[in-house]
Amino acid sequence: MNAPLIGARIQRKEDYRFLTGSGQYTDDVVLPGQTYAVFVRSPHAHAKIKSIKKDKALKAPGVLAVYTGEDLAAAKVGGLPCGWLITGTDGQPMKEPPHPPLAQGKVRYVGDHVAVVVGESIEAARDGAELVEVDYEALPAVVDATKAMQKGAPALHDIAPDNKCYTWALGDKAAVDAAFAKAAHVTKLEFVNNRLIPNAIEPRAANARYSRADDSYTLYVANQNPHVERLLMTAFVLGLPEHKVRVVAPDVGGGFGSKIYLYAEDVVVTWASRQLARPVKWTAERSESFVSDAHGRDHHTLAELAMDKDGRFLGMRVHTTANLGAYLSTFASCIPTILYATLLAGQYTTPVIYCEVTAVFTNTAPVDAYRGAGRPEATYVVERLVETAAREMKLDPAEIRRRNFIRTFPYQTPVALMYDTGNYEATLDAAMNMGDVAGFARRKEEAARRGKLRGLGYACYIEACGIAPSNIAGALGARAGLFEAGEIRVHPTGSVTVFTGSHAHGQGHETTFAQVVADRLGLPIESVDVVHGDTSKILFGMGTYGSRSIAVGGTAIVKALDKIIAKGKKIAAHLMEAAESDIEYDRGVFKVAGTDKQKAFGEVAFAAYVPHNYPLDKLEPGLNENAFYDPTNFTFPAGSYVCEVEIDPDTGKTTIVKFSAVDDFGKVINPMIVEGQVHGGLTQGIGQALTEGCRYDPETGQLVTGSFTDYCIPRADDVPSYQLDTRETPCTHNPLGVKGCGEAGAIGAPAAVMNAITDALWSMGVKDLAMPATSESVWRAIHMKRAA
Amino acid sequence: MAVRVSMTVNGKAVSAEVEPRTLLVTFIREHLGLTGTHVGCDTAQCGACTIHMNGKAIKACSMVAMQAQDANVVTIEGVAKPDGTLHPMQAAFKEHHGLQCGFCTPGMVMNAIDFAKSHPNPSEQEVREALEGNLCRCTGYHNIVKAITAGAKAMAG
């Protein structure tokens, strides 16, 4: 008998290897006969390629090969696919321009892939890359999505001469217009949700080996979903049979969305490994990460909220222009649509909502999901509107939220989602207590006496995790399934290996999933190991994104566990000569109800593999089960954040003095790990609000923020220590009652911080401020108002 | 043209012929196969490559191997006891969940050990300032700060 493990702060199984330098990341893999690849990238944002001369590079010592887009085209290598088809308001499918792994005829952003040089060493490949001569004819470039839609803007793709990928809408426009017509007050904001560069600390990497012996490939790649990588690469790009390709995503040093996608480099090294019959490895330098990892966010939005005289929400109207970058990345199209507009109800009973999104190609890196993916953008719209509305109507910002909270569940929103459960008042109350909102006025006065400006801001976010079910997602354009797979392999002596399609790259699944399994089986956690990230070991997997792993991957594991216990009962019934219906399983022991007869889990497992006394006529030997789980609905984590800032008006510097976050993730398996996820999410959200902003030069299209000097991800002294707590309304439609926690912090934090800053500056007449609210921009806002 | 470099790494004398431009971190990873030292930025900003050279934490991506001639180098692989017992700072990172993906972790631990030698009882602010040169994208630093504070006390005994 063991203590319950669900809810326990178990230290992580994966830590020892990471703490001792024994982790194995993609760049650590060195294969016999290893060669190295360096990509020649476009220095232009938009240019025609007039010629590429390889001769000098090919003559350089140690250079083995140079490949260009022409070589790939001749070999009939396809373009990188997009996994979600959006149908526009005009009934037409979105524009899907070709996305060749190496440019053909034209480059469309700085960092676009032009050629690859493979060498005996990384130095030889680098030297070779310097010698590839590319003759470009520069073209005018456009980096801003609203400018790209204007007449006369440079066109990136022949099939989209106006640069529009689609215009898409959700909601009842006429009903919303009617609601606005009868509103007592309308709050209107226009803002940019700033473009972010993910910057996992492990740069992307890929190392491919081809074996002539059996015509097979192995690709080691820093990736969040190896089966999806394999499916996309084999079926859509290289035309290879899947059983000949093994994809391994070993230890992966952070992803945050940026390692979901099938990237050009992965395809090119895999293809090149066959041409050379040698392993080919590419590892990004940080400067390559900046220019070529898929970026996040980049919305320009006009948002309006209609209210009655008491601040009750009557309707919301949102128009967004989303910058997709130069090409459609793997899931780019669904982020500013399906994962954005559907979240605009937030935690509120807004009866009618209309959202229209125009997605646009520009001469910038492709944009795709980054931690939160559409949901931070939606939360920012809702929570900035709500807070601003409260200030305009002179209502307490907590009170206006309470007046509009959803209180009965299940709740059908006007933007397609059906929330199963929640308790928004509980998290708001807890966050306000924790943040000592009652004492804020006194602290604000005290700060004012020191010449400082204090502000308090809220964000009450909702998230939708574990996008599902597959058939509905398919009807909305998804070109993939959205289930997860799990396998429980019980060994003859009763220890267990769990195989999961959910990949871990920092989330601690090796511990959390082991807790679930050990708890359900009543085994010591040391008896359970978790394996993930290798298509040759895992039966299938849709991977890790969108805070789905515990809700979808965890449930697949639970379903497999149920089958293990069901079969174990049959075996135990035979061993104890009892009726199967009389067998109960209780924390590691099969018992005959109402008797003292019992068999330990290990005894039953042993009997399954040494079936001497076993019902072989009715039951197969062995104890190994798998399950696929396709959820019936999203899960809906929600929470309330209270942020308190102090601004120095002389320098514009904002200090977060207090950040209180209360989340409802449903059942929590490992509070220590969940808190860690929230800390990380909050810090990325604070980064978006205060320090991070991707900038391209508007004329040349050069990435101005291309290093850690120019693009400031938060450092330790940029962020506070956090106060966290949770409230629990278990998810109603999965057996663990879990919802997911990976993205919450990044979803709620930007609005909380900006609401706090604008609260501090409201009395000076600063109604809104763009993210990131750097010291310079805050200083300018204060002093422009003072000068006026 | 190759040059010979010799140094002590994790208590063992090592020597190899390398190109003069070979970075110390490349020497450690590629020539010695000690892949616990990571490269996160190539520009001395992220600190994932932090090692100890002659007892001080340095960034191995911003010097060439030749500059470490005759030096005493310790990498993350040389920190735990030979029997595998974690160093008190490593143990504190585990206990306080001061790591997630593990990529920045070796550099964090190496910097923290050096810092703790001179700060046996650091304040939160001192720890945060000491981490200026180490980037983490996963943890939000909250638990790293707790781990280093506890680890420093444990090291001081």
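Answer yes if at least one residue in the stretch A:533-542 is free of Cβ contacts under 8 Å to residues at least 60 places away in the same chain, open to solvent by 10 Å² or more (accessible area, probe 1.4 Å), assigned by TED's automatic domain parsing to the domain that holds A:GLU625 and touching a Phe, Trp or Tyr at 6+ places or on another chain (Cβ under 9 Å), and no otherwise. The answer is yes; a qualifying residue exists.
For the stretch A:623-639, indicate whether the set of residues that are surrounded by fewer than 18 Cβ atoms within 10 Å (Cβ to Cβ), more than 30 Å from A:CYS465 (Cα to Cα) and either touching a Ser or Thr at 6+ places or on another chain (Cβ under 7 Å) or of a type outside the set (Ser, Thr, Tyr) (or both) is non-empty. Checked the stretch A:623-639: no residue is surrounded by fewer than 18 Cβ atoms within 10 Å (Cβ to Cβ), more than 30 Å from A:CYS465 (Cα to Cα) and either touching a Ser or Thr at 6+ places or on another chain (Cβ under 7 Å) or of a type outside the set (Ser, Thr, Tyr) (or both).
If the condition is being open to solvent by less than 20 Å² (accessible area, probe 1.4 Å), more than 12 Å from A:VAL267 (Cα to Cα) and away from every other protein chain (no Cβ under 14 Å), then the stretch A:220-244 contributes A:ASN225, A:PRO226, A:HIS227, A:VAL228.
The condition (being open to solvent by less than 20 Å² (accessible area, probe 1.4 Å), of a type in the set (Gly, Ala, Ser), modelled with pLDDT under 95 and in contact with a helix residue (DSSP H, G or I) (Cβ under 9 Å, 6 or more places away or on another chain)) is satisfied by just one residue among A:ALA514, A:ALA485, A:ALA478, A:ALA518: A:ALA478. Please enumerate the residues belonging to the stretch A:124-141 that are open to solvent by less than 50 Å² (accessible area, probe 1.4 Å), within 30 Å of A:ASP158 (Cβ to Cβ) and touching a helix residue (DSSP H, G or I) at 6+ places or on another chain (Cβ under 8 Å). Within the stretch A:124-141, A:ALA129, A:VAL132 meet the criteria. All of B:GLY84, B:GLY78, B:GLY55 fail the test of being open to solvent by 10 Å² or more (accessible area, probe 1.4 Å) and away from chain A (no Cβ under 12 Å), apart from B:GLY55. In the set (1) open to solvent by 10 Å² or more (accessible area, probe 1.4 Å); (2) in contact (Cβ under 8 Å) with a residue 24 or more places away in the chain; (3) away from every other protein chain (no Cβ under 14 Å), A:GLY91 fails one condition alone, (2). Scanning the stretch A:337-353 for residues that are assigned to a loop (DSSP other than H, G, I, E, B) and of a type in the set (A, V, I, L, M, F, W, C), we see that the one that is nearest to the chain's Cα centre (by Cα) is A:LEU339.
Do we find a residue being within 14 Å of chain B (Cβ to nearest Cβ), outside any helix (DSSP H, G or I) and surrounded by fewer than 20 Cβ atoms within 10 Å (Cβ to Cβ) anywhere in the stretch A:115-123? Yes, because at least one residue in the stretch A:115-123 is within 14 Å of chain B (Cβ to nearest Cβ), outside any helix (DSSP H, G or I) and surrounded by fewer than 20 Cβ atoms within 10 Å (Cβ to Cβ). Of the conditions (1) touching a residue at least 60 places away in the same chain (Cβ under 8 Å); (2) out of contact with any Gly (no Cβ under 8 Å at 6 or more places or on another chain), A:TYR348 fails just one. Which one is it? Single failed check for A:TYR348: (1).
If you go through the stretch A:60-76 and keep only what is assigned to a helix (DSSP H, G or I), touching a residue at least 12 places away in the same chain (Cβ under 8 Å) and either exposed (fewer than 13 other Cβ atoms within 10 Å of the Cβ) or among the acidic types (Asp, Glu) (or both), you end up with A:GLU70, A:ASP71. Checked against (1) surrounded by 24 or more Cβ atoms within 10 Å (Cβ to Cβ); (2) assigned to a loop (DSSP other than H, G, I, E, B), B:ALA92 passes all but a single condition, namely (2). Which of the residues spanning the stretch A:16-51 are open to solvent by less than 20 Å² (accessible area, probe 1.4 Å), farther than 30 Å from A:ALA141 by Cα and assigned to a strand (DSSP E or B)? Matches in the stretch A:16-51: A:TYR25, A:THR35.
From the set of residues in the stretch A:3-49 that are out of contact with any Phe, Trp or Tyr (no Cβ under 6 Å at 6 or more places or on another chain) and hydroxyl-bearing (Ser, Thr, Tyr), which is farthest from the other protein chains (Cβ to nearest Cβ)? Top of the filtered list is A:SER42. Looking only at the stretch B:19-44, how many residues end up being open to solvent by 50 Å² or more (accessible area, probe 1.4 Å) and either at the interface with chain A (Cβ under 7 Å from one of its Cβ atoms) or touching a residue at least 40 places away in the same chain (Cβ under 8 Å) (or both)? So the answer is 5. Of all residues assigned to the stretch A:663-673, none qualifies as being free of Cβ contacts under 8 Å to residues at least 24 places away in the same chain, within 13 Å of chain B (Cβ to nearest Cβ), farther than 23 Å from A:PRO631 by Cβ and out of contact with any His (no Cβ under 7 Å at 6 or more places or on another chain). Annotation: of all residues in the stretch A:104-114 being over 14 Å from A:GLY325 (Cα atoms) and part of a strand (DSSP E or B), the one that is nearest to the other protein chains (Cβ to nearest Cβ) is A:HIS113.
Is it the case that A:GLY745 is of a type in the set (Gly, Ala, Ser), within 13 Å of chain B (Cβ to nearest Cβ) and either within 30 Å of A:GLU425 (Cα to Cα) or not in a helix (DSSP H, G or I) (or both)? The answer is yes for A:GLY745. Looking only at the stretch A:611-621, count every residue that is touching a Pro at 6+ places or on another chain (Cβ under 9 Å), farther than 10 Å from A:ALA572 by Cα and either open to solvent by less than 50 Å² (accessible area, probe 1.4 Å) or assigned to a helix (DSSP H, G or I) (or both) and tell me the total. Within the stretch A:611-621, residues that are touching a Pro at 6+ places or on another chain (Cβ under 9 Å), farther than 10 Å from A:ALA572 by Cα and either open to solvent by less than 50 Å² (accessible area, probe 1.4 Å) or assigned to a helix (DSSP H, G or I) (or both) number 2. With respect to the conditions (1) buried (at least 18 other Cβ atoms within 10 Å of the Cβ); (2) outside any loop (DSSP other than H, G, I, E, B); (3) more than 16 Å from the chain's Cα centre (by Cα); (4) within 12 Å of chain A (Cβ to nearest Cβ), B:GLY107 lacks only one, and its number is (3). The criterion of at least 1 residues that are in contact (Cβ under 8 Å) with a residue 24 or more places away in the chain and within 27 Å of A:PHE191 (Cα to Cα) is met, among strands (runs of 3 or more DSSP E) falling completely within the stretch A:236-333, by A:299-307, A:313-325. If only residues of the stretch A:488-508 that are within 18 Å of the chain's Cα centre (by Cα) and of a type in the set (S, T, N, Q) are counted, the one that is least open to solvent (accessible area, probe 1.4 Å) is A:SER502. Once the stretch A:416-467 is narrowed to residues that are in a helix (DSSP H, G or I) and of a type in the set (S, T, N, Q), the residue that is surrounded by the fewest Cβ atoms within 10 Å (Cβ to Cβ) is A:ASN433. Restricting attention to the stretch B:133-157, and to residues there that are outside any helix (DSSP H, G or I) and over 18 Å from A:HIS679 (Cα atoms), which single residue is farthest from the chain's Cα centre (by Cα)? Filtering the stretch B:133-157 for residues that are outside any helix (DSSP H, G or I) and over 18 Å from A:HIS679 (Cα atoms), the one farthest from the chain's Cα centre (by Cα) comes out as B:GLY157. Within the stretch B:111-139, no residue that is more than 8 Å from chain A (Cβ to nearest Cβ) sits with its Cβ atom under 8 Å from a residue that is among the β-branched types (Val, Ile, Thr) and surrounded by fewer than 20 Cβ atoms within 10 Å (Cβ to Cβ) at 6+ positions apart or across chains.
The values are calculated or read from the model by the stated rules, or taken from the named source; none is laboratory data. Computed from a predicted model, the values in this text were never measured in an experiment. Cβ atoms come from the backbone with ideal geometry, glycine included; neighbour counts cover every protein chain shown. With ligands, DNA and RNA removed, areas are computed over all heavy atoms of the protein, side chains included. Shrake-Rupley method; radii C 1.70, N 1.55, O 1.52, S 1.80 Å.
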